[in-house]
Amino acid sequence: MTRYADIVLPLYQPTYTFEVAEGCDLAVGDAVAVQFGVKAVYTGIVWRIHTDRPEAKRIKKISQKLYEKPLLSERQMAFWEWIADYYMCTLGEVMRVALPSLIKPRGADAQAFEREQFRPRKVAFVALCGAVLTEERAKIERRAPRQHELLALLEAQGEVRRSACDAAAVAALRKRGLVEIVEREIEGCDVGECDYDLPTLSERQQEAYDAILHHFSQVQTVLLRGVTGSGKTEIYMHLIARTLAAGGDVLYLVPEIAMTSQLLARVKRVFGERVTPYHSKITNQRRADIYRRLNRSEGGELVVGTRSALFLPLHNLQLIIVDEEHDLSYKQTEPAPRYQGRDAAVMLAHQHSAKCLLGSATPSIESYIRATTGKYREVVLAERYGGAQLPDVIVSDTIRAAKRGERKSHFNKVLLDKIEERLECSEQVLLFQNRRGVSPFVSCEDCGWTARCPHCNVSLTLHGGNRLTCHYCGYSEPLPRRCPACKTAEVRAMGFGTEKIEQEISALFPEARVARLDRDTLTSESACNRIIEAFERGETDILVGTQIITKGFDFSRVTLVGVLNADNLLNAPDYRASERAFQTIMQFAGRGGRGEKRGEVVIQTAEPEHPILRYVATGDYVAMAREQSAERQGFFYPPYSRLVGITMRYRSAEVLHRAAVELAEALRGRFSRRVLGPTIPLVDRVRGEHIVEIMLKIESGASFARARKILREVMAEVLNTREYRKIITICNVDAS
Ligand code: ADP
Ligand code: ZN
Ligand code: ZN
């Protein structure tokens with residue numbers, strides 16, 4: 001009987017049916033090259049094999065399988081299906097992000113694809129170049145103990161994995177011509193012993209570790225809430241070692257690549273070559289290699305990566321760690337699938353019967369509620385390792401300071417005095433401002449004109465000395481000398497961003513070495529590493545940055561951190577604003593005082609009495625979380641409901657608004673008061689397209705699967721007309 005295969009292609013439709021050529025040995029999960037349309041050739045994934053002839057007249061055949069082994073396991077397929085169903089997208093859209101591009105060649109490449117190109121991984125070793133002269137050795141022994149130590153080790157062992165060596169010592173010995181780096185190929189997962197050099201856990205940490213294992217024997221997901229510096233990472237290491245020793249795979253997720261460099265170095269010191277980094281900045285070739293290697297692995301893999309690592313073929317997955325689980329960058333917003341990496345991790349662990357550990361100093365309210373209502377279990381680490389104290393918090397009133405003449409440009413005197421103190425004793429300072437650029441908008445003092453992007457309804461941000469840039473589309477124009485509206489007055493920069501702070505602080509402290517870390521300076525992974533490493537080495541005194549410097553970094557010589565303007569965190573138009581403000585400031589505060597000396601945090605605000613700042617000052621997460629939980633419950637916000645954001649975009653405002661009203665009405669017919677909108681967002685035009693939004697709020701008792709099904713049906717009904725079909729409509733499940 002003729003066999004047919006439903007194939008997933010990186011296109012919009014769920015699947016496409018092809019005939020399986022005689023003698024072609026296909027299995028579900030296999031990658032195949034298929035012809036599509038007249039000329040196009042794609043790589044597709046076999047989703048289902050059956051004998052039901054489809055209706056279409058001409059059905060193309062598939063005959064070419066790309067790899068011996070299926071690219072997807074049944075578990076991976078189940079995961080893709082869950083993502084597509086839950087986040088309301090197609091399997092093709094999942095395929096686009098889930099598989100490295102070189103694994104799914106297009107066009108001629110797919111046809112001429114060589115089967116199973118497999119590259120064994122290369123591992124670098126350090127080796128001696130020859131005998132060391134006695135005289136030189138004596139000199140090294142006297143002056144460079146680390147180099148001496150490494151020499152002794154090399155003489156004893158012949159070669160040592162480069163990752164296990166002190167990088168500076170290797171570099172110095174190479175310069176002297178005493179050692180060389182040799183690369184050798186290593187097959188599969190033979191990456192050395194399982195006997196890792198782990199730090200001994202403190203008593204508190206050991207208790208937490210035991211509690212986690214105990215809870216894992218009863219539930220799948222545990223939330224580890226430990227203040228910054230309490231040693232969560234060390235606990236992860238112990239759990240990882242245990243899992244690897246049992247032959248299991250571990251997935252260690254972090255929210256952003258910017259954070260991975262310090263963490264990777266730390267994880268590599270313990271687990272060496274076993275670590276596989278996976279994030280957006282590694283090359284396509286490397287991603288494809290990693291995918292193929294893992295697909296053949298027999299277990300014992302440790303992947304450290306960002307959310308897309310969830311799609312890697314870890315066939316023996318036993319543990320997922322989601323570090324900084326509260327971080328909003330776990331949610332993908334563009335393009336589909338718009339998945340929440342943390343939530344998807346919990347689901348993936350469930351599908352593998354694996355364990356999932358969520359870790360944070362300031363867990364998301366959702367996770368806190370799930371942990372306190374018994375769905376997850378919670379383990380708390382309340383102290384910093386080694387008894388180090390959490391920093392002292394000083395809330396500084398900007399309005400009062402200004403009245404008393406105790407404010408210079410954007411700094412209160414308290415903050416300036418403290419910066420000066422730190423500079424005098426060569427300690428380091430971090431300054432946080434959650435806006436980039438010099439100034440978020442420029443306007444005319446006389447007539448109120450503001451510079452706006454001609455394509456997007458947002459104000460332009462001033463960068464450098466005189467360039468206005470749109471943060472949405474990148475449009476840029478020179479800063480006008482005179483106001484283009486009234487042609488009389490000059491335009492003035494209003495508000496301030498990181499670049500402005502960098503300029504001002506440099507002017508106030510001309511001797512200080514100042515650097516800046518934000519999306520403008522973060523042009524590549526190496527640029528980011530350069531800035532961070534220079535700061536770590538103490539070559540920078542003051543580091544100014546956006547959100548990014550609040551995350552994960554471990555700088556031992558920072559004793560002062562300053563929040564320049566807490567108000568735009570506290571007043572963000574978002575039901576999560578309070579929670580986020582608390583998380584951001586606490587995380588940021590946690591960057592300081594990691595060394596011996598107690599750190600200080602100075603928070604500048606016009607609302608010193610704000611309850612969130614009180615919780616910050618006392619470090620009282622539970623009080624904050626309880627208050628927020630009550631609010632969430634009262635207003636039916638997640639996790640007491642699920643939010644689906646429906647965003648519609650189109651060139652014609654008139655057609656768009658008509659369609660949105662019709663859609664909202666039709667949805668109300670089915671969901672009644674659960675439909676909010678249509679509303680016009682703060683930024684209602686981007687790249688010349690108008691935007692409207694509708695929000696669907698489904699209480700947690702109701703069937704969310706059914707709600708999604710109805711939503712799909714209603715959208716298809718209303719929007720499938722000639723006039724509306726061109727409107728772009730996006731559903732964002734669990735939108736914030
Ligand atoms: P967290 O991840 O909770 O912020 P870390 O794991 O980064 O905390 O620990 C903070 C610091 O304390 C790190 O420099 C770490 O090396 C050190 N540390 C934590 N626990 C131990 C331990 N058991 N032995 C030695 N050093 C530790
Ligand atoms: Zn004017
Ligand atoms: Zn724009």
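When restricted to residues that are open to solvent by 10 Å² or more (accessible area, probe 1.4 Å) and either in contact with a helix residue (DSSP H, G or I) (Cβ under 6 Å, 6 or more places away or on another chain) or part of a helix (DSSP H, G or I) (or both), the range 598-620 contains 7.
Any residue at all in the range 571-584 that's open to solvent by less than 30 Å² (accessible area, probe 1.4 Å), farther than 30 Å from Ala534 by Cα and hydrophobic (A, V, I, L, M, F, W, C)? Among the residues of the range 571-584, at least one is open to solvent by less than 30 Å² (accessible area, probe 1.4 Å), farther than 30 Å from Ala534 by Cα and hydrophobic (A, V, I, L, M, F, W, C), which makes the answer yes.
Filtering the range 134-188 to residues that are modelled with pLDDT of 85 or more and in a strand (DSSP E or B) leaves Val179, Glu180, Ile181, Val182.
Annotation note: Cβ proximity below 7 Å between a residue of the range 466-480 that is closer than 14 Å to Arg436 by Cβ and a residue that is open to solvent by 40 Å² or more (accessible area, probe 1.4 Å) and away from ligand 3 (no atom under 11 Å from the Cβ) (sequence gap 6+ or interchain) occurs for Arg467/Pro478; Arg467/Leu479; Leu468/Leu479; Ser476/Arg467. In the range 308-324, the residues that are farther than 17 Å from Arg342 by Cβ form Cβ pairs under 8 Å with partners that are open to solvent by 10 Å² or more (accessible area, probe 1.4 Å) and in a strand (DSSP E or B), at six or more places apart or across chains, as follows: Gln318/Lys355.
Taking every residue in the range 640-651 that is without any contact (Cβ under 8 Å) to a residue 60 or more places away in the chain and pairing it with any residue that is open to solvent by 10 Å² or more (accessible area, probe 1.4 Å) and assigned to a strand (DSSP E or B), at least 6 positions away or on another chain, the pairs with Cβ-Cβ distances below 7 Å are Ser641/Lys697; Ser641/Glu699; Arg651/Glu689.
Would you list the strands (runs of 3 or more DSSP E) that sit entirely within the range 345-462 and hold 3 or more residues that are under 29 Å from the mean Cα position of the chain (by Cα)? Write out each step before concluding.
Working: elements: 355-360, 377-381, 392-397, 428-432, 441-444.
Ranges flagged: 355-360, 377-381, 428-432.
Among the residues of the range 456-479, some residue qualifies, meaning at least one is touching a helix residue (DSSP H, G or I) at 6+ places or on another chain (Cβ under 9 Å) and surrounded by fewer than 19 Cβ atoms within 10 Å (Cβ to Cβ).
Among the conditions (1) out of contact with any Cys (no Cβ under 8 Å at 6 or more places or on another chain); (2) touching a residue at least 40 places away in the same chain (Cβ under 8 Å); (3) part of a helix (DSSP H, G or I); (4) open to solvent by less than 10 Å² (accessible area, probe 1.4 Å), the only one that Glu234 does not satisfy is (4). Pairs are defined by a Cβ separation below 8 Å, a sequence spacing of at least 6 or placement on different chains, a first member in the range 437-452 that is open to solvent by 10 Å² or more (accessible area, probe 1.4 Å), and a second member that is aromatic (Phe, Trp, Tyr) and at pLDDT 80 or above; the pairs so defined are Pro440/Phe496; Ser443/Trp449. Selection of the range 19-46 for residues being assigned to a loop (DSSP other than H, G, I, E, B), touching a residue at least 12 places away in the same chain (Cβ under 8 Å) and touching a Ser or Thr at 6+ places or on another chain (Cβ under 9 Å) yields Ala21, Cys24, Gly29.
Of all residues in the range 453-474, how many are within 16 Å of ligand 2 (Cβ to nearest atom) and closer than 20 Å to Tyr650 by Cα? Don't jump to the end; show me each part of the working.
In the first step, residues of the range 453-474 are kept if they are within 16 Å of ligand 2 (Cβ to nearest atom); the result is 459-460, 468.
Of the ones still in play, those that are also closer than 20 Å to Tyr650 by Cα are none.
The qualifying residues number 0.
State which residue is nearest to ligand 1 (Cβ to nearest atom) when the search covers only the range 256-278 and only residues that are modelled with pLDDT under 90 and surrounded by 21 or more Cβ atoms within 10 Å (Cβ to Cβ). Taking the candidates together, the pick is Met259.
The values are calculated or read from the model by the stated rules, or taken from the named source; none is laboratory data. Model, not experiment: these values are computed from the prediction. Because the Cβ atoms are built from the backbone with ideal geometry, glycine has one as well, and the counts that use them run over all protein chains shown. We work out accessible area using only protein heavy atoms, side chains counted, and drop any ligands, DNA or RNA first. Shrake-Rupley method; radii C 1.70, N 1.55, O 1.52, S 1.80 Å.
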